[in-house]
Amino acid sequence: MLPLSGIRVIELGAVVLGPYAAQWLGDLGAEVIKVEAPTGDSTRRTGPTAEFGMASLFLGLNRNKRSIVLDLKTKAGKEALLRLVDTADVLLHNNRPHKMKALGLDSETLIARNPRLIYACLHGFAENGPYGGRPAYDDVIQGMCGLADLMGQQTGTPRYLPTVAADKTSGLVGAIGILGLLVRRERTGLGGYVEVPMFETMVAFTAVEHLYGLSFDPPLGQGAYPRVMVAERGPFTTKDGHICVMPYTDKHWQDMFKECGRPDLAAEPRFQGITSRTQYITEIYGELAHQLTSRTTAEWLSTLLRLEIPCAPVQSIDDLVTDPHLEQTDFFAILDNETGPGKTRYAGVPILFDGNRPPIARPPRLGEHTEEILTSLLFENAKIE
């Protein structure tokens, strides 16, 4: 049995932030009911698709869910949602709070109706700050939390990371917050409200290593962790391609330089200890880059694995679907397309419980479970129609 079996989650989410948090709860065994407007989540139309309304981005965010279509701007749609809330353990959304309040679906109203309800609001900025209520998407938050500037310090031009890091990280933190309140409810019997603002979440994410000298008052240096900021950090050039290498401990560096025929570097004081290596990281990475050009990628991989120095080839997204480790661990799930030719590939749940990977159910078609869910809520057929 999966950890969240028996927990019912109502997702009023769209795009990435809310759906990603809800998908994690579904992966852990919760019953997730995705409530969609008649037009459906916009990600249903984002990316290539073998079936209308089931585009690639939607597939990546909505496995292990059921879909019900409700127009919450109508009396009947709202009535159905409230009846669903009465049966729920969790309601999560990534709408701005004032929009939910205007619909009469704010946390105070719904928790008063169902005191065991955990109400999770994932949005751009904490409600009690001057940015509260502003619209926000991943690009905006990456710019505000320091990530784009860090990229600019490295490359000369502020840039976003080539992944929706703010949405996905905040979605994960949202799932963690919900799990925390589920544990508290086991002790108290009462639900509660959890707010997950993207801006604060990503400032906390970025600050882990990059607050650096600003961790102290007065500061003991500038922000930004030098090791990950130097231009020399990246896949290194070999005789025939590139390789990822990260010597980290004293033994890693000593073995690396000895293997390169440079025991003199292994003995240099500036390369002794992590404090000194951080101070001279540009020089040490430059020397490493020079040494790695002497052999092929395959030769270095064989040598570094023998020395137990962390290393890997540079893989493309295309390479991942045939990666031998992922194949042997059955990471990707391949499901038949029920309405057409071919199959659909899904990234698996990365967590194993008792050695087993949780199963994946196909993401729902728009409104696929509407009638089934409304019937379970004791709506009469005429009312459902």
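Tell me the helices (runs of 4 or more DSSP H) entirely within the stretch 287-361 that contain at least 2 residues that are β-branched (Val, Ile, Thr) and not assigned by TED's automatic domain parsing to the domain that holds Gln23. Even if it seems obvious, please write down each step before you answer.
Details: elements: 297-306, 317-320, 324-328.
Ranges flagged: 297-306.
Filtering the stretch 241-277 to residues that are acidic (Asp, Glu) and surrounded by fewer than 13 Cβ atoms within 10 Å (Cβ to Cβ) leaves only Asp264.
Got at least one residue in the stretch 234-245 being in a loop (DSSP other than H, G, I, E, B), modelled with pLDDT under 90 and under 20 Å from Leu150 (Cα atoms)?
From the stretch 234-245, those in a loop (DSSP other than H, G, I, E, B) are 234-235, 238-241; that's our starting set.
Narrowing further to those that are modelled with pLDDT under 90: none.
The answer is no, given that none of the residues of the stretch 234-245 is in a loop (DSSP other than H, G, I, E, B), modelled with pLDDT under 90 and under 20 Å from Leu150 (Cα atoms).
Here Ala166 meets each of (1) without any contact (Cβ under 8 Å) to a residue 40 or more places away in the chain; (2) surrounded by fewer than 18 Cβ atoms within 10 Å (Cβ to Cβ); (3) small (Gly, Ala, Ser); (4) touching a helix residue (DSSP H, G or I) at 6+ places or on another chain (Cβ under 8 Å) with one exception, condition (2). For beta carbons closer than 6 Å, sequence separation of 6+ or different chains, a first residue in the stretch 364-382 that is in contact (Cβ under 8 Å) with a residue 40 or more places away in the chain and within 22 Å of Asn62 (Cβ to Cβ) and a second that is assigned to a loop (DSSP other than H, G, I, E, B) and of a type outside the set (A, V, I, L, M), the qualifying pairs are Pro364/Lys65; Leu366/Gly40; Leu366/Gly53. Report yes if some residue within the stretch 297-308 is under 30 Å from Ile351 (Cβ atoms), crowded, with 16+ Cβ neighbours inside 10 Å, touching a residue at least 24 places away in the same chain (Cβ under 8 Å) and among the hydrophobic types (A, V, I, L, M, F, W, C); otherwise report no. Yes, the stretch 297-308 has at least one match.
Among the residues of the stretch 27-40, those identified as surrounded by 16 or more Cβ atoms within 10 Å (Cβ to Cβ), of a type outside the set (A, V, I, L, M, F, W, C) and assigned to a loop (DSSP other than H, G, I, E, B) are Gly29, Gly40. Looking across the stretch 261-282, the residues that are in contact with a helix residue (DSSP H, G or I) (Cβ under 9 Å, 6 or more places away or on another chain) and either under 19 Å from Glu232 (Cα atoms) or touching a residue at least 24 places away in the same chain (Cβ under 8 Å) (or both) come down to Arg262, Leu265, Arg270, Phe271, Ile274, Ser276, Arg277, Thr278, Gln279, Tyr280, Ile281, Thr282.
Just to be sure, is Tyr212 of a type outside the set (Lys, Arg), closer than 30 Å to Arg277 by Cα and in contact with a Phe, Trp or Tyr (Cβ under 6 Å, 6 or more places away or on another chain)? So Tyr212 fits the description; yes.
For the stretch 66-133, list the strands (runs of 3 or more DSSP E) that sit wholly inside it and hold at least 1 residues that are surrounded by fewer than 22 Cβ atoms within 10 Å (Cβ to Cβ), assigned by TED's automatic domain parsing to the domain that holds Ile176 and under 23 Å from the mean Cα position of the chain (by Cα); which are they?
On the way: elements: 66-69, 90-93, 118-123.
Counting at least 1 such residues, we get 66-69.
Comparison of Ile111, Ile118 shows that the only residue that is closer than 16 Å to Glu11 by Cβ, of a type in the set (A, V, I, L, M, F, W, C) and touching a Leu at 6+ places or on another chain (Cβ under 8 Å) is Ile118.
Apart from one condition, Thr370 fits all of (1) among the β-branched types (Val, Ile, Thr); (2) at pLDDT 90 or above; (3) not assigned by TED's automatic domain parsing to the domain that holds Asp27; the exception is (3). When the test is whether a residue is at pLDDT 95 or above, within 19 Å of Ala22 (Cα to Cα) and in a helix (DSSP H, G or I), Leu172 passes it. A single member of Gly53, Gly29, Gly47, Gly18 is closer than 25 Å to Gly124 by Cβ, touching a residue at least 24 places away in the same chain (Cβ under 8 Å) and either touching a strand residue (DSSP E or B) at 6+ places or on another chain (Cβ under 9 Å) or not hydroxyl-bearing (Ser, Thr, Tyr) (or both), and it is Gly18. Taken together, the residues in the stretch 312-345 that are within 30 Å of Ile243 (Cβ to Cβ) and either of a type outside the set (S, T, N, Q) or surrounded by 10 or more Cβ atoms within 10 Å (Cβ to Cβ) (or both) amount to 20.
What are the residues in the stretch 180-201 that are free of Cβ contacts under 8 Å to residues at least 40 places away in the same chain and acidic (Asp, Glu), if any? Answer for the stretch 180-201, where residues must be free of Cβ contacts under 8 Å to residues at least 40 places away in the same chain and acidic (Asp, Glu): just Glu186.
I'd like the full set of residues that are over 20 Å from Leu305 (Cβ atoms) and without any contact (Cβ under 8 Å) to a residue 60 or more places away in the chain, limited to the stretch 231-260. Across the stretch 231-260, the qualifying residues are Glu232, Arg233, Gly234. Just to be sure before I move on: is Thr43 at pLDDT below 95, of a type in the set (S, T, N, Q) and either crowded, with 18+ Cβ neighbours inside 10 Å or assigned by TED's automatic domain parsing to the domain that holds Ile373 (or both) in the structure I sent? Criteria not met by Thr43.
The values are calculated or read from the model by the stated rules, or taken from the named source; none is laboratory data. These numbers come from a predicted model, not from an experiment. Cβ sites come from the backbone with ideal geometry, for glycine too, and all protein chains shown count toward neighbours.
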